[in-house]
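The values are calculated or read from the model by the stated rules, or taken from the named source; none is laboratory data. Quick caveat: nothing in here was measured; it's all calculated off a predicted structure. We place every Cβ from the backbone using ideal geometry, glycine too, and count neighbours over all the protein chains shown. The protein model used for the area step is the full one, side chains on, heavy atoms only, and it has no ligands, DNA or RNA in it. Shrake-Rupley method; radii C 1.70, N 1.55, O 1.52, S 1.80 Å.
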Amino acid sequence: GAVVSQHPSWVICKSGTSVKIECRSLDFQATTMFWYRQFPKQSLMLMATSNEGSKATYEQGVEKDKFLINHASLTLSTLTVTSAHPEDSSFYICSARKPGQYGRERFGAGELFFGEGSRLTVL
Amino acid sequence: ELKVEQNPLFLSMQEGKNYTIYCNYSTTSDRLYWYRQDPGKSLESLFVLLSNGAVKQEGRLMASLDTKARLSTLHITAAVHDLSATYFCAVDRIVSGGSNYKLTFGKGTLLTVNP
């Protein structure tokens, strides 16, 4: 299957600092990338949808200024947690959507592939 | 708003037994995924189900999709300890505007297989 790489896999930072997490699709160009947050023993919560070259679409309740998303190319999206606080500690997972195929699948409905996740701990 | 309900949320079973995890969703979908998550790890894709009546099998796991009933099942046959993990179903559907697809997850089923 396709490969999506996330970096770093874990990071510890001091309160008030900013942390950047990268998500790369290694063997395909992703039409769309997604950022999720997962608290312990809970499901994944979609934070935002990121399309290359345009502003990210944030889910309700997610602070745009807190979680900055940049999708500079078809293979790279970044999530920056600004002025991190202990409550931002979480497992962040990205996913990238492979372009769909005309005919069998409608355009845009390509399969999703997930990164390895990034565990953020804010002290 | 699409709702995805998974049950049971917790499942403790003995090795060798069979069981089924259910995933109900509230509106039409374009595809349904089943994922496995081990503690501290990201998601591992198990199955992608595209159409009504789709059935896929891999080892001791079999997934099916009934789009009319808006129901997917993940059946475990002769469970082994290595299957212990959290299993998520997720429904992929186009959102308003028609330009983006969005994945909505169930709450997950924590499966523990005991010797």
Let me understand segment B:58-115 better: what is its radius of gyration from the alpha carbons, and its Dmax, in angstrom? 14.7, 50
Note: the protein assembly as shown at 20 °C, 1.002 mPa s; Kirkwood Rh on alpha carbon pairs; Stokes-Einstein D in µm²/s works out to 116
For chain A, give me every cysteine whose Cβ has no other Cys Cβ within less than 4.7 Å, ordered by residue number. A:C13
Please report Rg (one decimal) and Dmax (integer) in Å for the Cα set of segment B:4-115. 14.0, 50
Highest GNM mean-square fluctuation, chain A, Cα pairs closer than 10 Å: which of A:E22, A:E59, A:E87? A:E87
Could you please put B:Y35, B:Y22, A:Y58 in sequence from largest to smallest accessible area, using a 1.4 Å probe? B:Y22, A:Y58, B:Y35
What's the total accessible area buried between chains A and B, using a 1.4 Å probe, rounded to the nearest 100 Å²? 1800
I'd like the mean, over residues of B:102-111, of how many other protein chain beta carbons sit within 10 Å of each residue's own Cβ. 4
Quick one: Cα centre-to-centre distance for segment B:65-93 and segment A:9-45, in angstrom? 25
Have a look at the DSSP beta bridges in chain A and tell me what percent are antiparallel, nearest 5. 90
Students sometimes get this wrong: rank B:L61, B:L110 by accessible area, probe 1.4 Å, all chains present, largest first. B:L110, B:L61
Per-residue SASA entry for A:I12, accessible area with 1.4 Å probe, Å² rounded to 10: 100
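In whole percent, and with a 1.4 Å probe on the protein chains, what portion of the accessible area of the protein assembly as shown is carbon and sulfur?
On the way: 6070 of 12020 Å².
Solvent-exposed carbon and sulfur of the protein assembly as shown make up 51 percent of the total.
Quick one, can you get me the convex hull of the C-alpha atoms of segment A:1-43 expressed as volume per residue in Å³? Walk me through the intermediate numbers first.
Values: hull volume 5.3 nm³, N = 43.
So the per-residue Cα hull volume is 123 Å³.
Per the Kirkwood definition applied to all pairs of different Cα atoms, how many angstroms is the hydrodynamic radius of segment A:50-94? Provide the component values of the computation, followed by the final result.
Numbers: mean 1/r = 0.0870 Å⁻¹.
Kirkwood radius, segment A:50-94: 11.5 Å.
Considering all projection directions equally, how large on average is the shadow of the alpha-carbon convex hull of chain A, in square nanometres? Don't skip to the answer; put the middle values down first.
Numbers: hull surface 30.8 nm².
Value for chain A: 7.7 nm².
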If segment A:20-86 were replaced by its equivalent ellipsoid, with semi-axes equal to the square roots of 5 times the Cα gyration tensor eigenvalues, what would those be, largest first, whole Å? 20, 14, 12
